[in-house]
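Worksheet: the structure to be examined is printed underneath.
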Amino acid sequence: MTNQEEKNQPVKIPAQLTVKDLATKLEIGVSEILKKLMDNGIMANINNLIDYDTVFIIAEELEIEVEPEELSTTNELLTSQKLENILALESEDKTKLKKRPPVVTILGHVDHGKTTLLDTLRKTRVTDQEFGGITQHTSAYQVKKNGELITFIDTPGHEAFQGMRERGASLADIAILVVAADDGVKPQTKEVIEFLLKNKIPTLVAINKIDKPEANVDKVKQELAEHNMFLEGYGGKIPFNEISAKQNTGLDELLKNILFLAEYYEFKANPDRNALGIILESNKDACKGSIATVLIKTGTLKIGQTVIIGNSISKIKKLENFTGKDIKEALPSTPVTIVGLSETPQGNDLLQVEPDAKKIKRFAKEIAQEKGKLSGKIGSLGSKELIMTINETKKNCLSIILKTDVQGTLEAIKQIIDSVDSQEVNVDFVSEGVGSITENDVKMAQTSQAIIYGFNVEPSATAHQNLSESKVKVRTFNVIYELIENVKNEISELLDLEINKIELGRLKVLANFKNSKNLSVIGGKVMDGKLIKGERLEVFRDKEFLGMGELTQLQHNKEDVSEVKSGLECGIAFKGKVKILPNDQLVCFKEEKIKRKIK
């Protein structure tokens with residue numbers, strides 16, 4: 001790589017570093033870094049620690065591109081890139097591979113029936129003989145068709161799905177694009193199509209709602225072709241099914257097509273190795289402790305094994321399938337719930353089984369050291385400090401405490417709130433987590449003047465008691481977009497009012513009868529519109545703006561009046577510092593304050 005190419009590469013920044021080290025990495029003077037910190041209200045010396053988010057803000061002002069160093073405690077810990085490489089190498093050794101169920105996700109435009117399709121498949125295609133009754137909410141489940149298993153993943157939409165893929169390890173093998181027969185291709189459908197084609201994901205189209213009187217399947221096929229998605233029999237090779245998820249029509253044929261794609265692409269994995277997987281969802285249960293649903297990508301996960309998930313180490317004591325039934329092991333493509341983890345992981349964290357006791361001890365030590373670095377507070381300057389300082393001078397701030405039932409929902413809601421377009425109001429997540437709203441949440445809300453938002457959770461008994469004695473706002477929802485709409489309304493309340501200036505009339509100055517420090521008595525003629533007592537006046541001389549004042553008194557024919565219309569002469573008292581001369585023009589106007597709203 002040439003020196004020029006190296007300079008064009010983003011500078012890699014660790015989670016924390018000193019001001020001096022940052023100057024070295026960015027190849028600029030320490031004094032320049034200190035000046036940028038001071039410009040943002042931060043007093044620091046060369047030995048102070050600053051975190052990556054703070055560096056990002058400073059680097060942006062310096063027009064230097066930076067990116068975080070990948071957190072890695074040892075070279076042996078699993079990363080998304082390593083997982084991708086492992087899966088690629090596995091596929092080359094055919095002797096160890098065995099057929100695994102295809103992993104399927106369902107994508108499409110809002111209200112085109114994705115959720116209904118998932119629910120219908122789950123309720124009608126999961127047999128009691130095979131799996132037992134469904135006893136709990138999961139983010140993934142399996143159905144059986146012609147003796148073959150299919151794994152379905154319920155993702156928050158194509159953006160979340162894309163985010164998972166961008167970590168390096170693809171989550172799903174097959175995507176089902178749902179398009180409503182009565183509505184056709186819509187904006188989100190177009191986005192999904194672009195994503196599927198760009199990433200070359202095996203796709204099956206489900207034309208839904210064919211039971212509707214307005215259904216027009218041919219129109220849907222034509223619109224899909226216009227966006228380069230060519231269906232079988234319509235100029236292309238993409239399989240499709242006409243279905244009604246609500247009426248349970250065409251779903252068997254849809255499952256057959258999934259199995260056809262799975263046979264064509266030959267999805268395989270090595271069940272005889274130690275398991276590797278991706279966390280789909282997590283939460284903290286009052287009885288069971290920290291719980292995570294994981295999709296096994298390769299290998300077999302067994303009770304008694306030690307696993308590393310993100311930056312925590314746990315021993316597998318209990319495994320449950322998606323119905324809540326205890327199982328002893330989970331094979332590739334299986335969604336399995338791990339009960340009783342040492343910590344609650346994040347969605348998309350990676351799981352690896354580690355049988356070597358010496359490696360586990362080394363990992364534990366290094367993970368503890370890394371956590372200690374990241375949690376160190378003495379002498380450090382964090383991004384929250386910087387952002388709070390900026391907020392005090394530039395922005396209003398909405399403080400939020402967010403509690404949800406599961407980790408996946410928490411991340412989805414945060415992602416949507418972060419995408420709300422407001423340059424004037426900063427949303428500060430004071431605290432976030434899974435589980436019920438607690439007494440500590442209420443106390444924290446009091447201190448930070450935050451609003452507590454709960455999704456599919458309620459305040460505990462002690463929290464209820466504290467709430468009755470405080471002025472803390474608690475709002476609970478079970479529909480995500482209702483919660484988001486409420487947050488938008490709160491942001492809108494913090495926006496400055498929009499000032500709309502309405503011109504009322506113009507006066508030509510004919511004489512100046514009195515001119516004191518802050519008061520002038522003027523005679524003139526209203527050229528257009530009207531002058532209204534109590535409104536504001538702008539002063540112009542030869543079209544040059546001189547200043548503003550207030551129309552405190554208005555007379556016509558030596559009588560006090562409230563307004564004077566066009567064509568009439570009048571006398572006015574002008575309160576203001578501008579010295580007014582004959583032939584000046586005064587513009588009378590009023591200001592209308594309009595409440596703004598975030599879209």
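What follows draws every value from the coordinates through simple rules; no lab data is involved. This is a predicted model, so every value here is computed, not measured. Virtual Cβ from ideal backbone geometry, glycine too; neighbours counted across all protein chains shown.
Assorted remarks:
- Nearest-ten-degree value, helix 114-125 long axis tilted from longest Cα axis of the chain: 20 degrees
- Efficiency of FRET from Cβ geometry, residue 593 and residue 285, R₀ 51 Å, rounded to 0.05: 0.55
- Here each label is just a point 7 Å from Cα along the line to Cβ, and for residue 458 and residue 326 those points are 3.1 nm apart.
- For peptides 576-584, 277-285, 429-437, sequence by mean Cβ density within 10 Å, most packed first: 277-285, 429-437, 576-584
- Pairs exceeding a 31 Å alpha-carbon distance, out of 114/219; 94/200; 488/593; 200/361: 200/361.
- Computed from the Cβ-Cβ distance with R0 of 25 Å, the FRET efficiency linking residue 39 to residue 64 stands at 0.95.
- Over region 465-599, relative contact order from alpha-carbon pairs under 8 Å, at least 6 apart, %: 33 percent
- Distance-filtered residues of region 248-264 - backbone nitrogen under 20 Å, label point 7 angstrom along residue 182 Cα→Cβ: 248-251
- Only Lys, Arg (+1) and Asp, Glu (-1) charged, at Cβ; the chain dipole about Cα centre in debye: 820 debye
- For residue 252 and residue 489, the FRET efficiency from 1/(1 + (r/R0)^6), where r spans their Cβ atoms and R0 equals 41 Å, is about 0.35.
- Toward the positive end of the charge dipole of region 276-373, with +1 on the Cβ of Lys and Arg and -1 on the Cβ of Asp and Glu, the farthest Cα among 345, 360, 308 is that of 360.
- 0 to 90° range, to nearest 10: angle between helix 383-394 axis and the chain longest Cα axis: 20 degrees
- With both labels modelled 7 Å from their Cα along Cα-to-Cβ, the residue 362 to residue 440 distance reads 3.4 nm.
- Dipole magnitude of region 381-494, debye to nearest 20 (Cβ charges: Lys/Arg +1, Asp/Glu -1, about Cα centre): 180 debye
- Links that overshoot a 28 Å alpha carbon limit, given the list 96/328; 209/237; 530/558; 98/209; 96/144: 98/209
- Between 0 and 90°, nearest 10: helix 217-226 axis offset from the chain longest Cα axis: 80 degrees
- Relative contact order (percent, whole number), region 3-69, Cα cutoff 8 Å, 6+ residue spacing: 48 percent
- Computed from label points 7 Å out along Cα-Cβ, the spacing between residue 396 and residue 503 is 3.1 nm.
- For Kirkwood radius over Cα pairs in Å, the value computed from the atomic coordinates appears in the list (1) 26.2; (2) 25.4; (3) 29.4 under label (3).
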